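Below is one structure, written out as structure tokens; the observations come after it.
Each reported figure results from applying straightforward, stated rules to the coordinates on display, with no laboratory input. This structure is a prediction, so every number in the text was calculated from the model and none was measured. Because the Cβ atoms are built from the backbone with ideal geometry, glycine has one as well, and the counts that use them run over all protein chains shown.
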Amino acid sequence: MPFAVFVRSLNRYRVIPLELAIDTVLARQGHLVCATEWGKPLGHGLYEFRLRRSLATVCQEAGVSVPADAPTGGKVLLGVFFAVHGDRIVLLLGGCHRSAHADRARGAARGGLIGPGRMGAARAWAVRGIVRN
């Protein structure tokens, strides 16, 4: 789903770590984040930024206080799809909830239930759309 719609769909305990991770990791490293556990290149100029940490861990790493009413435990599992222009500009394209359901869907795609050519074409069109704008 488009990034703005995705962010609006999240509760504040998912938005806080996502914004912190984007500001402190993705904005500083750009596509080089893919050399770490935070990112994965998807091909055709498309990348995924992966958030797989608890709210408390992200807040601690960013040097901010955890909200007093925040739920305890549990990782925030989110993916943000992005492209880069040059070496500094990151274009946030979309996002998804990372869960067991999402993992099953990706497994089905890899298993041939969804043709890999169609997925590659979708990625290529997403990047072309950004390049044209």
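Provide the net charge surrounding Glu37, with neighbours chosen by a C-beta distance below 15 Å and charges set as Lys +1, Arg +1, Asp -1, Glu -1.
Net of charged neighbours comes to +4.
When the chain is fully extended, how far beyond the present Cα-Cα distance does Arg28 get from Val64, taking 0.36 nm per residue of separation?
Fully extending the segment from Arg28 to Val64 adds 11.2 nm.
What is the packing order of peptides 23-31, 90-98, taking the mean over residues of other C-beta atoms within 10 Å and listing the highest first?
Highest-to-lowest ranking by the protection proxy: 90-98, 23-31.
Expected output is a single nm value to one decimal: the length gained when fully extending between Ala35 and Val5, i.e. 0.36 nm times separation in residues minus the C-alpha distance. What is it?
8.0 nm
Treat every Asp and Glu Cβ in segment 3-98 as -1 and every Lys and Arg Cβ as +1, leave all other atoms uncharged, and give the resulting dipole magnitude about the Cα centre to the nearest 20 debye.
So the dipole magnitude of segment 3-98 works out to roughly 220 debye.
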